[in-house]
Amino acid sequence: MPAMQNGLNILHLEDDRLDADLIRDTLTSQGIVANIVGVETEREFRSSLGNGKVDLILADYSLPGFSGMAALAIARENRPELPFIFVSGTIGEEIAIETLKSGATDYVLKHRLQRLGLSVRRALSEAEERLRRKVADGALRESETRYRVLFDHNPLPQWVYDLETLAFLAVNEAAIHHYGYSRQEFLAMTIKDIHHRDCVPALGGTVTAFVNGLARSGVCQHRKKDGSIIDAEITSHSIEFSGRQAEVVLGMDITERKRAEERLRLQSAALESAANAIVLTDEKGAIIWVNDAFTQTTGYSKEEVLGKNPRLLKSGKQNHAFYQDMWDTILAGKIWRNTIINRCKDGTFNHEDLTITPIRNSAGKITHFVGIKQDIAEKTRAEEAQRSSELRYRRLFESAKDGILIVDADTRQIVDVNPFLMEMLGFSKEEFVGKELWQIGLFKDVAASKLAFAELQQRGYIRYEDLPLETREGLVKPVEFVSNSYLVGESRVIQCNIRDITERKRFEQALQEKNIELGNANLAKNRFLANMSHELRTPLNAIIGFTGTLLMRLPGPLNADQEHQLSIVQTSARHLLSLINDLLDLAKVESGMVEIKYEPLVCQEVMEEVAEALRPLAEAKGLEFKIKAPKSGVRIGADRRILSQILINLSNNAIKFTEKGQVQIQLSTRQSNGQILASIEVIDTGIGIRIEDQKKLFQEFQQVSTDHRNEGTGLGLYLSEKLAILINGKIEFESEYGKGSTFRLLVPTA
Amino acid sequence: MSARVLVIEDNASSLELMIYLLKSFGHMPFRARDGEEGIQVARSERPDLILCDVQLAAMDGHEVCRRLKSDPALCLIPVVALTAYAMVGDREKMLAEGFDGYLSKPVNPEQIMDQLAPFLSRQTRIVPDQCGRSKPAVADCLSGARKG
């Protein structure tokens, strides 16, 4: 008990001395040591109460000239915090209750003083508790007041809402002003009514504990009374408000700030990503920021240039006056613009259009310079290329050996004409330019050329192989006329290329005449050969015919000499016939007059025909004539008569030069250079050919078998080889003298 | 089996040879020295077979053949070209122009009657192209043609 430690002061109102002593002793005996001031009258009581050093009042109920109840009333009025215990003789229960109602702390009967200690202790304890509570209450009230002021006068909108119902419980003036709702309107709403979108916790879920709850913050969108939406940064924490769990919220409108931030972000991104190199310096020229384009064009990294002066890019190609002019201009606060040559990190030079703008602060002082560069190397190159390209095409146009007309597709007027065309047609430039094509008098058929122009406009291309144009002198000039239309920038032009084909036509005509001539010559040659053949055969008909009739003994019997001599005539006549035939055939082949008709052939069929024709001849000599061929047809593409003749020639030879044994035509296929060739071999068991004779074999008029009866013309193999070439084939041979020969025709299969 | 055969030929030697051969083999020959005469004889004699040279003065063999074939009274008489035109393609050309057969000069006296036999049989004589069958098709090739 703090009061006891500091010494307990008791004011005792008692008129009976004995009672007073008894009570003192009782308190002492019950462990309560106190400084007891005894008073008997109202005056003494008031006086002691006023000096302040009283912790507890003990009072008799009835006193002469004063009363316990009156003392209680005085004590209540002046020191309401002091415990007041009645210690008296027997009083009625009603009176006891009355005293307690009037504010007495307790009531102890004089004949039950053993309760007194307990009563005093309890009263003191309660008083102390009351005092403590009173101090605390005072602090709370003060805090609330301060808080109220802060709340009401906070320039930022602030409100309190019920955590359970979400209803607004209080709003401040700023909220009313900012959101446009009156206080009554606010208090009739819940926070949902002003939420446009739910708040997003700005701290991402992290929370900070406060004494009275949890502080939260975030950004949400609120709707004002006028319907506009604002971004509000919210800080809130839980409180108890009028006995309700509530949340006090501080809302800051950050709409403008967000907008500004976004604008800054965009501006920054735009500058950063600009294709033009941008450099920002302070007023002394030290670089404080560059964008990506700067680092790309100069080759320097941001770290390398920050804090440096842009003169590190100086190429030395521009004189002092150039830079002096720049500084003079920008230090005067003016914009400087010029083409500057800068040296990149790698030593190469950049031609740049540079604009430097001074930036002033609000006081008008130049604080920064911003330099924006445009790389013009590319532009310069492109312009240069364009110029030289134009020049090239212009020269091409001027020096072309074709006439060229440029026509505006919309106005249909001639825009340009090259010198060659003017010369070709005899019109001057003035006569062309500004006119429509048919106004010049080039075309005989104006209506047709208008139609053609319409077609050109539609199709974009038109071509005449042979168009007659009229020259100024009225001569007709045949030209090849090709027009196409294309876009030049925005406008569509038509280019007409006009080629004088007079010479070409003349040449073509000459060629045609020559061809006819050649054709005629060929025909004449053919006719000559045919007539030759006819005229040579006609007398032979009588010679061979009548020799035949004589040898057939149709006119009558012959003696041996007659028969022998007539046989010689017959053989010689036949030999002459063979010679005539072979010569004429050769003449035809060599002059390219053999008509070749390619057709699909089956080799076996042609071989059978040859065998059928020649077998009687072979058998007459006692030779076997055989065919050996695969069952499935071997197909080639060739002229049937040529193939037949080659095989007949080869077989004829084989029969001629074989005295005993056989002649065989054998068919197979073989692979050669990725081609499948038909191989037709004529194999004999004849006399064969000496090595030294083999080289001469395919030459004209060579017959190697000097020891043999002179039967051939010596043209057969030579002709066969020529014929083989005509059907894309070739002839090979193998021979062993005395054993036989193999002649092989190779032809590609179909 | 004697047949009436008209020979139209302007070469005297060739004409004599054919007349001699036909007579020797027991046939009855008629002769004409040019195309005009040939047609007249054909009309008057109605032969079983006509052998016609191709290179004739005035009217050539082609024309003679054309006229014979366009005459309903004569069109069924086989006409065989007997010619010294014996180069590649001549046989086909003449068969295409209407000749029923083709024989090249010089003729082989030993074979000629066999070659004409098909045209002398009444059963087969209207079948064109039959005379060529006596020799193989390849016989028309450059060397084959002259074997006839």
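Reducing the stretch A:116-173 and the stretch B:1-74 to their Cα centroids gives an inter-centroid distance of 158 Å.
Based on DSSP H runs of at least 4 residues, each adding -39500 (n - 2.57), what is the mean residue ellipticity at 222 nm of chain A after dividing by all its residues, to the nearest 500 deg cm²/dmol?
On the way: 22 runs with 318 residues, N = 750.
Taken over chain A, the calculation gives -14000 deg cm²/dmol.
With a 10 Å cut-off around each Cβ of B:54-61, the average count of Cβ atoms from other chains is 1.
Take the cross-link list A:308/A:373; A:626/A:656; B:23/B:105; A:317/A:345; A:730/B:105 and give me the ones stretching past 22 Å between alpha-carbons. The answer is A:730/B:105. For the segment A:572-581, counting C-beta atoms of other chains within 10 Å of every residue's C-beta and taking the mean gives 2. Take A:393-403, A:729-739 and order them by the average number of nearby Cβ atoms within 10 Å per residue, most first; the result is A:729-739, A:393-403.
If you stretched the chain out fully between residue A:571 and residue A:338, how much longer would it get, using 0.36 nm times the residue separation minus the C-alpha to C-alpha distance? Present the calculation step by step, with values, prior to reporting the outcome.
Working: separation 233, 0.36 × 233 = 83.88 nm, distance 11.15 nm.
Between residue A:571 and residue A:338, full extension yields 72.7 nm more.
Here the spin labels are modelled as points 7 Å beyond Cα on the Cα-Cβ line, and at residue B:2 and residue A:166 they lie 14.3 nm apart. Any lysines with Cα under 29 Å of the residue A:192 Cα? List them, leaving off those in the same chain fewer than 8 positions away. Here the lysines satisfying the reach criterion relative to residue A:192 are A:224, A:225, A:258.
Expressed as an acute angle from 0 to 90° and rounded to the nearest 10, what is the orientation of the C-alpha long axis of helix A:446-459 relative to the principal long axis of chain A? That works out to roughly 50 degrees. The shape of the stretch A:7-135 comes out rounded: with a ≥ b ≥ c from the C-alpha gyration tensor, a/c is under 1.5. Peptide A:45-56 shows a mean partner chain C-beta count of 0 within 10 Å per residue C-beta. The fewest-to-most ranking of A:578, A:268, A:242, A:741 by surrounding Cβ atoms within 10 Å reads A:242, A:268, A:578, A:741. A P(r) calculated from all alpha carbon pairs of the stretch A:238-357, with 10 Å bins opening at zero, reads 11, 32, 25, 10, 7, 6, 6, 3, 0 percent.
With only Cα atoms counted, the stretch B:1-108 has Rg and Dmax values of 12.6, 36 Å. Computing Rg and the Kirkwood Rh from the Cα coordinates of the stretch A:227-268 gives a ratio, Rg/Rh, of 1.26. Rounded to the nearest 10 degrees, the inclination of helix A:68-78 to the longest alpha-carbon principal axis of chain A is 40 degrees. With a Förster radius of 60 Å applied to the C-beta separation of residue A:631 and residue B:44, the computed FRET efficiency comes to 0.55. Using a simple spin-label model with pseudo-atoms 7 Å out from Cα toward Cβ, residue A:360 and residue A:16 lie 10.3 nm apart.
Using per-residue counts of other Cβ atoms within 10 Å, averaged over each peptide, order A:53-64, A:413-424, A:664-675 from highest down.
On the way: A:53-64: 20.5, A:413-424: 18.5, A:664-675: 13.2.
Output ranking for A:53-64, A:413-424, A:664-675: A:53-64, A:413-424, A:664-675.
Using the Cα atoms of chain A to build a convex hull, what is its mean projected area in square nanometres? Write out the running numbers ahead of the final one.
Working: hull surface 360.0 nm².
For the Cα atoms of chain A, the hull's average projected area reads 90.0 nm².
How much of the DSSP beta bridge set in the protein assembly as shown is antiparallel, as a percent to the nearest 5? Bridges in the protein assembly as shown are about 75 percent antiparallel.
When the trypsin sites (Lys or Arg not before Pro) in the stretch A:327-359 are filtered for DSSP coil states and for at most 13 other beta-carbon atoms within 10 Å of their beta-carbon, the remaining sites are A:334. With the highest mean first, a sort of the peptides A:627-637, A:133-143 on other beta-carbon atoms found within 10 angstrom per residue produces A:627-637, A:133-143.
As a proxy for reagent exposure, ranking A:195, A:564, A:320 by other Cβ atoms within 10 Å from fewest up yields A:320, A:564, A:195.
The lysines within cross-link reach of residue A:429, meaning a Cα-to-Cα straight distance under 28 Å and a gap of 8 or more places when in the same chain, are A:401, A:444, A:450, A:477, A:505. Annotation: extensible slack from residue A:301 through residue A:188 equals 34.5 nm (criterion: 0.36 nm per residue apart, minus Cα-Cα distance). Let me know the Kirkwood hydrodynamic radius for the stretch A:359-491, please, with Cα pairs as the basis and the value in Å to one decimal. Taking every pair of different Cα atoms in the stretch A:359-491, averaging 1/r and inverting gives 18.3 Å.
Report, to the nearest 10°, how far helix A:116-153 tilts away from the longest principal axis of the Cα atoms in chain A, using its own Cα long axis and a range of 0 to 90°. For helix A:116-153, the angle is close to 50 degrees. Shown for A:537, A:46, B:4: other C-beta atoms within 10 Å of each C-beta, ranked fewest to most, produce the order A:46, B:4, A:537. All C-alpha to C-alpha distances of the stretch A:565-665, sorted into 5 Å bins beginning at zero, yield P(r) values of 2, 11, 16, 18, 19, 17, 10, 5, 2, 0, 0 percent in whole numbers. Reducing the stretch A:598-621 and the stretch A:429-463 to their Cα centroids gives an inter-centroid distance of 69 Å. Note on residue A:463/residue A:380: beta-carbon distance plugged into 1/(1 + (r/R0)^6) with R0 of 35 Å gives a FRET efficiency of 0.30. Taking a ≥ b ≥ c as the square roots of the eigenvalues of the Cα gyration tensor, the stretch A:90-137 is classed as oblate, since a/c reaches at least 1.5 and a/b does not exceed b/c.
Taken together, the values in this text are just the output of simple stated rules run on the coordinates, not laboratory data. On a predicted model such as this, the values are computed, not experimentally measured, just so you know. FYI the Cβ positions are ideal-geometry reconstructions off the backbone, even for glycines, and counts take in every protein chain you see.
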